[in-house]
1. Within the stretch 40-57, work out how many residues are surrounded by 17 or more Cβ atoms within 10 Å (Cβ to Cβ) and over 19 Å from P77 (Cβ atoms).
2. Can you work out which of the residues in the stretch 503-528 that are assigned to a loop (DSSP other than H, G, I, E, B) and at pLDDT below 95 is nearest to L555 (Cα to Cα)?
3. Can you find a residue in the stretch 650-659 that is crowded, with 22+ Cβ neighbours inside 10 Å and among the small types (G, A, S)?
4. Return the residues of the stretch 571-625 that are over 23 Å from R370 (Cα atoms), polar (S, T, N, Q) and in contact with a Leu (Cβ under 9 Å, 6 or more places away or on another chain); say none if nothing qualifies.
5. May I ask you to say which residue of A223, A236, A260, A264 is among the small types (G, A, S), over 22 Å from the mean Cα position of the chain (by Cα) and over 15 Å from V356 (Cβ atoms)?
6. Only one of (1) among the small types (G, A, S); (2) on the phi > 0 side of the Ramachandran plot; (3) crowded, with 19+ Cβ neighbours inside 10 Å is not met by G488, so which one is it?
Amino acid sequence: MTRYAEIALPLPLDQTFTYEVPPEFVQKVAPGMRALVPFAGRTLTGFVVGVRMRNPSPGLKIKSLKELPDDTPVLPPVLLSFTRALANAYFIPWGEVLMAGVPPAIVPRSRAAFSLTEKGREALAGSLLPEDEREVAACLVSRPHTARFLERRCRAANPAAILERLRRRDLIAASQELKRIKRRERTDETPGAKQLELDFSLDESSRRAAEEVSRLLDSRKFAQVLLYGPRDRRRAVYFELIRRVLAAAGRVAFIIPEIALTPALIEAMEKRLGEAAAVVHSGLTEARREGEWQKIRQGRAQVIVGSRLSLFAPVDGVRLIICDEEQDESYAQQEGLPYDVRAAARLRAAGESAAVVYGSSAPSVELYYRFRKAGRLLEVQGNTGQRTATLVSHQPSRGLIAPELERAIRARLARREPVILFLNRRGYAASVVCSKCGLQPRCSRCSLPLSYHKREAKFVCHYCRSSVPATAVCPRCGGRLVIRQAVGVEAVAEDLKKRFPQSRVEIFAADEAGRKEQKDKLRLDFQKGSIDILIGTQFLAHQAEFPRAPLVGVLHPEFGLRLADFRSAQKTYLAISRALQFLAGGEGAEAFIQTSAPDHFSIREAAAGNYRSFYEQEIAYRRLMGYPPFSALAEVQFMGDQLRRVAAAARTFSGRAKEGGPDISVFGPSLAPAAKVRGLYRVQIVLKAPRRERLHRVLGAALSGIGVRRSVVLSD
């Protein structure tokens, strides 16, 4: 009897596709397997998500799938259910969610290879082609090549455009070839015996918290708690819970926001638990990521540690999900697949009747409010490790460094002690403008103002990383380009070098420390005392294992309060708190916050390290304005290379959303703050509703049938 397979493909389409299963695969096909299928002249890799006996569309000719690379499913049923729920919750195509969760190395990919036709060979031999076309055609004489290969190897500019010209004249032909990864057999070394450390870290409050979560685990029902307190106390609870879950033959997913935290966490886990965990994050090589993924799939790892990818572990039997530092904004991803890791952890745990423990010493306001109200807030006692900071009132127009901070830096340098300063603005200046005609240099791909990077002598786009040589002359009128907006870390570093010419000043930002070798060198030099003053952005603030300094300064955190974001106060509080954690222990250590808004509650309470006071003031403001957690918001962005089509889709969506009812507020459509990024136009609409369930229903109805790529970011 003929069988049909439902295949989820990694395409921006809200549907699965039906393929006939050839006779040789009928006894083998099962949900969770990879499948190679024909689609629009290509061969795509998708996942079998269902098998049926009857053709769902009688009368239509159904294509056959080409190949099933697996003998058994690579994805368990619980993972299929989880990814389906996540796709539904955030209106993301199911195939894209599935593909994001597996290592790229296991996905055979179809690609176009170009070859010369007989007509093309004659044109090349007869010297009938222009020089740039002859250059590309000559590369194709011996064998077919992909466009990417030609971009790397040919000297001609813009090979893609040249290929298109040759194709239109039938001088080349394109064929599809399937790229498969050649993998070596991996042999995992058997870990040797290790001396376990005795763990005496549980105090009375930690023990009570562990017992409370253990009771929830024993119930074998879905449950959530928020663990509030300092990191070392939280970690003691985590390890105790992991020990109990492993004793009951369960599995644990331990999610952390920063890849840099992984090695120290793995080392501590091995010392205390003797457990070799699997590591999953985007920073791994393809081969390493595939190896860890196979290790999990084959049941050789009971604990999975890493980034958001930990939630896509191909196992069942997950009893506990830990989401540490839940306040970190990287959990609410907007690039790539736009979903919130905390909500995704909830979905995965609900599907396996597991428990989720969120942990933080400064929780997100929405989560703290909900868990305290529900009686699921567990507090562990201990010193947060954050010192109080001195607030220095200072206007940026009066210089880059306030006199009080300069005196403190000078005193530290006299004692040969290092200093760390934070300013969350990359480059030399946010932008430049012509003093004569007002022209502002912008990125050709993103239509955004270019930032001036003096060290590289370039204008740089911080969205797509494209750059052009910097010039002091306006390309339109010949006028002088001048700095228009606030300066960045390069300008501060330049100023510090003038004030302290005998000191070594370095920058730790994505531009200067983006590569691992750069990052490691700066860390080692600072640790050895070779760097006197280090100035960094939030890129440095996220390096949790970086050495500390006896003097830490935070420069103008109030810049973040100017953003059109209802969470700006929370983000400012967290940015300051994260920076102050770089203050060394011991007597005499001091911290300064240089700001033009010393009376703003987020800055004042962050300086004092008083989260509860900040929370009470912030929640009162949220209640007054009707912001989450007292409402639900959704930001919907439509994207495409044709602005007219994108805008039309946004208008259609807006009209449907307004029909959702009087309790639905619709703001927009309007161009997004970054109206064009990497060549794609972006139009946004914001929806507001009393509850998330209500908002989700309106979104589902309004998005139905709209064929433009979009992203939905939910806040509740």
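1. Going residue by residue through the stretch 40-57, those that are surrounded by 17 or more Cβ atoms within 10 Å (Cβ to Cβ) are 43-49.
Add one more test, that the residue is over 19 Å from P77 (Cβ atoms), and what stays is 43-45.
Total meeting the criteria: 3.
2. Our first condition is that a residue be assigned to a loop (DSSP other than H, G, I, E, B); within the stretch 503-528, this holds for 503-504, 509, 514-515.
When the remaining residues are screened for being at pLDDT below 95, the result is 509, 514-515.
Numbers: A509: 15, G514: 22, R515: 25 Å.
Only one residue tops the list, namely A509.
3. So the first thing to find is which residues in the stretch 650-659 are crowded, with 22+ Cβ neighbours inside 10 Å, and the list is 650, 653, 657.
After this cut, where a residue has to be among the small types (G, A, S) as well, the list is 650, 657.
Yes - at least one qualifying residue is present in the stretch 650-659.
4. Selection gives Q594, T595.
5. On the way: A223 fails: over 15 Å from V356 (Cβ atoms); A260 fails: over 22 Å from the mean Cα position of the chain (by Cα); A264 fails: over 22 Å from the mean Cα position of the chain (by Cα).
The unique qualifying residue is A236.
6. Single failed check for G488: (2).
Okay, residues lined up against (1) in contact with a Pro (Cβ under 6 Å, 6 or more places away or on another chain); (2) at pLDDT below 95; (3) aliphatic (A, V, I, L, M):
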position: F601; (1), (2), (3): no, no, no
position: E605; (1), (2), (3): no, no, no
position: Q617; (1), (2), (3): no, no, no
position: P628; (1), (2), (3): no, no, no
position: A649; (1), (2), (3): no, no, yes
position: A672; (1), (2), (3): no, yes, yes
position: A675; (1), (2), (3): no, yes, yes
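Here's the yes/no breakdown for (1) touching a Phe, Trp or Tyr at 6+ places or on another chain (Cβ under 9 Å); (2) assigned by TED's automatic domain parsing to the domain that holds A541; (3) among the charged types (D, E, K, R); (4) crowded, with 21+ Cβ neighbours inside 10 Å:
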residue: V356; (1), (2), (3), (4): yes, no, no, yes
residue: R370; (1), (2), (3), (4): no, no, yes, no
residue: K373; (1), (2), (3), (4): no, no, yes, no
residue: R410; (1), (2), (3), (4): yes, yes, yes, no
residue: I420; (1), (2), (3), (4): yes, yes, no, yes
residue: C443; (1), (2), (3), (4): yes, no, no, yes
residue: L450; (1), (2), (3), (4): yes, no, no, yes
residue: K454; (1), (2), (3), (4): yes, no, yes, no
residue: F459; (1), (2), (3), (4): yes, no, no, yes
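The values are calculated or read from the model by the stated rules, or taken from the named source; none is laboratory data. This structure is a prediction, so every number in the text was calculated from the model and none was measured. Here the Cβ is made from the backbone with ideal geometry for all residues, glycine too, and neighbour counts use every protein chain on show.
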